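Peer 1: Can you keep this structure in mind? I'll have questions shortly.
The values are calculated or read from the model by the stated rules, or taken from the named source; none is laboratory data. Owing to the predicted nature of the structure, the values given are computational and were not obtained by experimental measurement. Methodologically, a virtual Cβ is constructed for each residue, glycine included, from the backbone with ideal geometry; neighbour enumeration extends over all protein chains shown. All accessible areas refer to the heavy atoms of the entire protein, side chains included, with ligands and DNA or RNA removed. Shrake-Rupley method; radii C 1.70, N 1.55, O 1.52, S 1.80 Å.
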Amino acid sequence: MGAIRCVGVIGTGVIGASWAACFLARGFDVSAFDPMPGAEQALRAAVARHWPVLEGMGLAEGASPGRLRFSADLAAALQGVDFVQENGPEREDLKVALFRDMDALLAPEVILASSSSGLLMSRVQGACRHPGRVVLGHPFNPPHMIPLVEVIGGALTSPQTIDRAMDFYTAIGKRPIHVRKEVPGHIANRLQAALWREAFHLVEQGVASVADVDTAIAYGPGLRWALMGPFLNLHMSGGEGGLRHMLDHLGPPIESWWADLGTPHITEELKATLCAGLDEALRERDRAALAPARDALLADLIGAKAGKPELP
């Protein structure tokens, strides 16, 4: 496999556009495809919107939005591509057809990586002549900023593809993790889903408002989780005894909390309650300012973490 110089970004919605900006900022040529009307204009606008924060985080030599090309024809978009990051709709039938078509158009050494949030690559790669090069490279939103990428092979994915994908994402400044078994939602989304489940339950039961739940996380455990994961945080909370001390002393209470967690259903009534609560929480805030403020703080946090090699 030669050096990766041009990345194909297939599907240019929110995630695809963010990936495109990321690859451009790391000095790659990007060839993008999306069949939707107006997709090219929306993509270029998104890249321009993301570029200032990427400049602040540091661009690779030669990085430029001018290295983006676009085509509404898949075959044309894939010409000269050395790596593919797919971001199409989260529908298995569409993914299977898309990967079959990409597989037929590209040399067998070109990795086909999917950004799918929950689909299994074992089911997607089955129609490909070269299924060993199909892998999941699931980012965390927004991909142009958040370092995490979950790398997962399907039943037919080769170990070499896993290694190459891990190396590629690492080389562009990501923090890839190798998910060793396929499960719906992978790792990070399952962890999020566990938190969402209880957050929805607490609002549904009238224990807390939407704003209170957000405050509880953003100004409580979320601050620590941004620095270290749940296990290391538990270890740090255990003093000299570390994780073992915490498990010995808090194990029974934690199990009792697990037993009391809710199992809400996302009914129309709950949707209305959550949306009304969010509207109330944002009533006096400038919604247009949320994303820029978030991105500015994310950039600062990511930069600060990079300066603390003691943290994992």
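Peer 1: Given the criteria part of a helix (DSSP H, G or I), aliphatic (A, V, I, L, M), surrounded by 15 or more Cβ atoms within 10 Å (Cβ to Cβ) and over 14 Å from the mean Cα position of the chain (by Cα), does Leu156 qualify?
Peer 2: The answer is no for Leu156.
Peer 1: Among the hydroxyl-bearing types (Ser, Thr, Tyr), open to solvent by 10 Å² or more (accessible area, probe 1.4 Å) and assigned to a helix (DSSP H, G or I), is that true of Ser117?
Peer 2: Against the criterion (among the hydroxyl-bearing types (Ser, Thr, Tyr), open to solvent by 10 Å² or more (accessible area, probe 1.4 Å) and assigned to a helix (DSSP H, G or I)), Ser117 does not qualify.
Peer 1: State which residue is surrounded by the most Cβ atoms within 10 Å (Cβ to Cβ) when the search covers only region 180-190 and only residues that are more than 14 Å from the chain's Cα centre (by Cα) and of a type in the set (D, E, K, R).
Peer 2: Applying the filter and picking the extreme gives Glu182.
Peer 1: In addition: With respect to Met36, determine if the residue is at pLDDT below 95, assigned to a loop (DSSP other than H, G, I, E, B), of a type in the set (A, V, I, L, M, F, W, C) and farther than 21 Å from Arg175 by Cα.
Peer 2: So Met36 fails the test.
Peer 1: While we're here: Against the definition (open to solvent by less than 40 Å² (accessible area, probe 1.4 Å) and in contact (Cβ under 8 Å) with a residue 24 or more places away in the chain), how does Ile177 come out, yes or no?
Peer 2: Taking the combined requirement at face value, the residue does not satisfy it.
Peer 1: Test each condition in (1) open to solvent by 60 Å² or more (accessible area, probe 1.4 Å); (2) free of Cβ contacts under 8 Å to residues at least 60 places away in the same chain; (3) not hydrophobic (A, V, I, L, M, F, W, C) for Lys95 and report the one that comes out false.
Peer 2: Going through the list (1) open to solvent by 60 Å² or more (accessible area, probe 1.4 Å); (2) free of Cβ contacts under 8 Å to residues at least 60 places away in the same chain; (3) not hydrophobic (A, V, I, L, M, F, W, C), Lys95 breaks only (1).
Peer 1: In addition: So if I check each of Met166, Met236, Met228, Met145, which one is under 26 Å from Ala306 (Cβ atoms) and open to solvent by 60 Å² or more (accessible area, probe 1.4 Å)?
Peer 2: None of the other options fit; the residue is Met236.
Peer 1: If I filter region 120-142 down to residues being more than 30 Å from Trp51 (Cβ to Cβ) and β-branched (Val, Ile, Thr), which single residue comes out as surrounded by the most Cβ atoms within 10 Å (Cβ to Cβ)?
Peer 2: Val134
Peer 1: Out of Ala45, Ala32, which single residue is open to solvent by 10 Å² or more (accessible area, probe 1.4 Å) and not hydroxyl-bearing (Ser, Thr, Tyr)?
Peer 2: Ala45
Peer 1: Scan region 75-91 residue by residue and report those that are outside any strand (DSSP E or B) and at negative phi.
Peer 2: Ala75, Ala76, Ala77, Leu78, Gln79, Val81, Asp82, Asn87, Gly88, Pro89, Glu90, Arg91
Peer 1: Yes or no: Gly222 under 25 Å from Ser18 (Cβ atoms) and surrounded by 10 or more Cβ atoms within 10 Å (Cβ to Cβ)?
Peer 2: Taking the combined requirement at face value, the residue satisfies it.
Peer 1: Which condition from (1) over 17 Å from Pro147 (Cβ atoms); (2) assigned to a helix (DSSP H, G or I); (3) among the hydrophobic types (A, V, I, L, M, F, W, C) is the one that Val53 breaks?
Peer 2: Answer for Val53: the failing condition is (1).
Peer 1: Collect the residues in region 192-218 that are assigned to a helix (DSSP H, G or I) and either more than 19 Å from Trp258 (Cβ to Cβ) or not hydrophobic (A, V, I, L, M, F, W, C) (or both), keeping them in residue-number order.
Peer 2: Gln192, Arg197, Glu198, His201, Val203, Glu204, Val210, Ala211, Asp212, Asp214, Thr215, Ala218
Peer 1: Another question, then. May I ask you to list pairs of residues, at least six apart or on different chains, whose Cβ atoms are under 8 Å apart, with the first in region 291-304 being among the acidic types (Asp, Glu) and the second being outside any helix (DSSP H, G or I) and open to solvent by less than 50 Å² (accessible area, probe 1.4 Å)?
Peer 2: Sorted first by the residue in region 291-304, then by its partner, the pairs are Asp295/Pro142; Asp295/Met145.
Peer 1: Being surrounded by fewer than 24 Cβ atoms within 10 Å (Cβ to Cβ) and closer than 17 Å to Ser64 by Cβ is the filter here, so list the residues in region 5-17 that pass it.
Peer 2: Selection gives Arg5, Cys6.
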